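The values are calculated or read from the model by the stated rules, or taken from the named source; none is laboratory data. Everything numeric here is computed off the predicted structure, so don't read it as measured data. Neighbour counts are summed over all protein chains in view; Cβ atoms, including those assigned to glycine, are modelled from backbone coordinates with ideal geometry.
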Amino acid sequence: MKTSMLLVMLMSTVALAQVETYKWEDADGTVHYSDQPPPPSARKIERIQLGDKPGDVAMPYVLKQAVKNFPVTIFVYDCGDACNRARALLAKRGVPHTSKDPMAPEMREELKKVTGGQEVAPVLQVGRQILLGFEEARWNAALDAAGYPKTALVPVTPVQTKPAPAAPPPAPEQAPAPDGTSDPVKPESEPVPEQN
């Protein structure tokens, strides 16, 4: 009995994963979403197939909002423990992000623009906030403030991109020490080596 009940639940889950949704606009300009085909008078009809690819996972609303309002970029290379811990933190939290390698000449120039000329790694950019070096408490605070979940809601693979022209960033922020004193915590970072 338990096996057949489990089988029925599994089948219904698979059926739900393949739901087709329609997005359309009526004559008044109101946008509608439905699992039923739109009427013939509908405009701007879109068919959205959810779960149509193996491993395709819909991003939860809270995560979509964080990504939209505060996109995350990390400048990182094989710089050792600090870069490994930085990558691990973003993976653990399931933060969709763009990963840029400052060893590539064009990425090195972008890193200099973002950091005000400093060549260190890792560097985290959350929206307009720039964090030089890895200090877990500061990185978590920046991600929390941007609305990113504390644990992964969906599996995430970082996006590797080519540099695009960017506006000058604001000056990097200095975080206070965790104990509340005025002595700042020195984040772990490594200089980006020169290319020969």
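Screening segment 70-88 for residues that are part of a helix (DSSP H, G or I) and of a type outside the set (Asp, Glu) and picking the one that is surrounded by the most Cβ atoms within 10 Å (Cβ to Cβ) gives Ala86. Thr151 fulfils the conditions (1) surrounded by 12 or more Cβ atoms within 10 Å (Cβ to Cβ); (2) at pLDDT 75 or above except for a single criterion, (1). For segment 89-137, the set of residues classified as among the hydroxyl-bearing types (Ser, Thr, Tyr) and either within 18 Å of Ser189 (Cα to Cα) or surrounded by 15 or more Cβ atoms within 10 Å (Cβ to Cβ) (or both) consists of Ser99, Thr115, listed by residue number.
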